[in-house]
């Protein structure tokens with residue numbers, strides 16, 4: 001099963017219009033007036049900023065997990081119809097989130113099942129996705145027994161299985177050594193390029209941002225740096 | 001884009017089976033909570049039922065008809081005895097006559113001499129074999145005067161001179177029937193008018209029999225159908241009152257809350273796990289269903305253990321079926337609480353930031 005065959009990915013575009021956010025009614029603004037338009041065409045976008053600048057918050061707003069204080073976030077399907085953010089995004093997170101006592105296969109298959117797959121087809125696609133990120137040998141191993149790098153690749157495999165056109169990645173190499181980071185970056189960018197998805201990654205790892213098509217800085221506002 | 005029902009059920013089952021200590025914790029709390037509630041409630045209700053003294057005296061399961069007060073036209077012993085053929089009647093019998101007599105061997109000592117119909121033994125568990133006739137003594141008489149099987153106490157003031165009564169047995173209990181205390185009890189055929197009629201009603205039929213005016217079947221004269229209660233309402237502290245004011249009446253709430261608290265503690269440890277489900281597209285409603293499915297599986301797993309505990313309890317204690325039913329009723333309420341609280345808990349969980357949950361390690 002090739003990367004294309006693991007999931008039939010739709011197309012979508014993302015539009016942020018004058019998005020501003022602050023915590024609490026009187027808190028300081030984390031960022032203001034963010035405008036951004038992206039399409040999923042195998043392109044990768046990096047948001048590079050120091051810690052505490054609101055990168056993860058911006059990603060949460062893009063993914064529909066956080067409601068912005070001001071502004072609008074719009075997801076559109078290929079035909080121009082509004083789409084649900086959750087159905088457009090797959091997540092790869094900084095922390096190695098996984099169901100610890102469940103196997104790597106089950107951790108990936110849950111994405112397929114959450115998208116309506118049956119048990120059989122979900123496990124089949126999950127196995128293919130794990131093989132695609134080099135974890136074909138550990139499908140039946142409990143997640144808690146996997147290394148940090150393997151867990152991060154499980155997260156990438158989850159994104160691969162998802163039919164979502166965008167992958168949102170939050171510091172995907174933040175807790176990994178350089179060797180493991182390289183493998184995760186390769187798996188992540190490989191899945192984006194070959195699958196025709198879009199990638200929005202927030203990071204301060206230049207090994208990732210250097211390989212992205214566009215790089216933005218975030219310090220109070222979003223600004224393209226390349 | 002949503003979970004199929006079979007996948008959600010499978011996911012819930014896997015989470016339970018792979019849950020390790022947290023599964024044992026919730027499972028244990030359900031087993032303990034439900035078992036203790038069923039046994040405690042069942043035992044207390046059972047206590048009411050076997051407490052014949054209070055039941056007979058306070059209008060419990062033994063219905064009593066007395067001529068003049070409850071049955072103005074008198075009581076026919078034979079008709080009373082035949083009441084056992086009615087649905088819901090366990091046993092029926094009457095005190096035919098009673099009088100005080102003086103024992104020849106203890107001049108000046110007067111005791112009761114009571115003639116009863118055979119059915120009365122079934123009402124008060126007197127320990128008389130069915131069909132047995134003859135004279136029996138209350139165990140207190142045996143201790144006081146040395147009367148027992150084979151003794152032949154004489155009575156000095158019997159009509160026609162001294163009369164002897166060979167004792168054929170000792171009553172095992174006279175609890176609940178004041179008329180038989182410290183008495184020579186003669187079991188006689190149920191004939192003629194009686195002094196009192198006692199009916200042991202099945203617990204689940206007691207109220208209905210009382211409301212149906214069982215006494216209507218008691219009068220001697222067939223032409224009069226009396227309509228009055230055997231034991232008037234409000235004449236004592238009834239078993240209904242005792243049931244309503246029992247100490248165990250809130251036990252299902254206490255244990256229900258305990259299980260809810262344990263479930264909530266366990267759910268808090270799963271914050272990042274639940275956020276992970278949300279991040280892969282699981283809606284709050286689906287997450288609620290997943291939690292409900294998990295608890296249904298947990299309850300399903302707990303049922304055989306609970307059933308095992310209750311089988312042992314029933315085998316050892318032989319409770320009334322009605323007592324068990326009351327206990328099971330309260331136990332089932334706990335399971336309803338356990339499942340019903342989940343949507344609320346899931347709503348609380350859903351209101352928290354998924355991003356925070358995902359970062360929570």
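The values are calculated or read from the model by the stated rules, or taken from the named source; none is laboratory data. Note that this is a predicted model, so its numbers are computed, not measured. Cβ coordinates were reconstructed from backbone atoms using ideal geometry, including for glycine residues, and neighbour counts include every protein chain displayed.
Quick notes
- Residues satisfying the stated conditions in the stretch B:177-187, i.e. surrounded by fewer than 22 Cβ atoms within 10 Å (Cβ to Cβ) and in contact with a helix residue (DSSP H, G or I) (Cβ under 9 Å, 6 or more places away or on another chain): B:178, B:181, B:182
- Candidates A:168, A:135: the one that is away from chain B (no Cβ under 13 Å), crowded, with 17+ Cβ neighbours inside 10 Å and at pLDDT 85 or above is A:135.
Residue-wise test of (1) at pLDDT 90 or above; (2) crowded, with 17+ Cβ neighbours inside 10 Å; (3) more than 14 Å from chain A (Cβ to nearest Cβ).
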| residue | (1), (2), (3) |
| --- | --- |
| B:307 | yes, no, yes |
| B:312 | yes, no, yes |
| B:320 | no, yes, yes |
| B:331 | yes, yes, yes |
| B:341 | no, yes, yes |
| B:344 | no, no, yes |
| B:357 | no, yes, no |
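- Any chance residue A:99 is within 10 Å of chain B (Cβ to nearest Cβ), touching a strand residue (DSSP E or B) at 6+ places or on another chain (Cβ under 8 Å) and within 16 Å of residue B:281 (Cα to Cα): no
- Test for residue A:79: is it free of Cβ contacts under 8 Å to residues at least 24 places away in the same chain, away from chain B (no Cβ under 14 Å) and in a loop (DSSP other than H, G, I, E, B): yes
- Filter result for residue A:90 (more than 9 Å from chain B (Cβ to nearest Cβ), in contact with a helix residue (DSSP H, G or I) (Cβ under 6 Å, 6 or more places away or on another chain), crowded, with 22+ Cβ neighbours inside 10 Å and in contact (Cβ under 8 Å) with a residue 60 or more places away in the chain): no
- When the criteria are applied in full, residue A:61 fails the requirement of being in contact with a helix residue (DSSP H, G or I) (Cβ under 7 Å, 6 or more places away or on another chain), within 13 Å of another protein chain (Cβ to nearest Cβ) and more than 20 Å from residue A:158 (Cβ to Cβ).
- Residue that is surrounded by the most Cβ atoms within 10 Å (Cβ to Cβ), among those in the stretch A:1-38 that are under 17 Å from residue A:88 (Cα atoms) and at pLDDT 85 or above: A:14
- Flag for residue A:67 being within 14 Å of chain B (Cβ to nearest Cβ), touching a helix residue (DSSP H, G or I) at 6+ places or on another chain (Cβ under 9 Å), assigned to a loop (DSSP other than H, G, I, E, B) and crowded, with 18+ Cβ neighbours inside 10 Å: no
- Residue satisfying all of: in the stretch B:263-292; away from chain A (no Cβ under 13 Å) and crowded, with 20+ Cβ neighbours inside 10 Å; nearest to residue B:3 (Cα to Cα) among these: B:291
- Among residues of the stretch A:181-226 being free of Cβ contacts under 8 Å to residues at least 40 places away in the same chain and surrounded by fewer than 18 Cβ atoms within 10 Å (Cβ to Cβ), the one that is nearest to the chain's Cα centre (by Cα) is A:186.
- The single condition among (1) at pLDDT below 90; (2) in contact with a helix residue (DSSP H, G or I) (Cβ under 8 Å, 6 or more places away or on another chain); (3) within 10 Å of chain B (Cβ to nearest Cβ) that residue A:116 does not meet is (2).
- Only a single item in (1) more than 29 Å from residue B:201 (Cβ to Cβ); (2) without any contact (Cβ under 8 Å) to a residue 60 or more places away in the chain; (3) not in a helix (DSSP H, G or I) is not met by residue B:143, and it is number (3).
- Here residue A:108 passes the criteria (1) buried (at least 23 other Cβ atoms within 10 Å of the Cβ); (2) within 8 Å of chain B (Cβ to nearest Cβ); (3) at pLDDT 90 or above except the one numbered (2).
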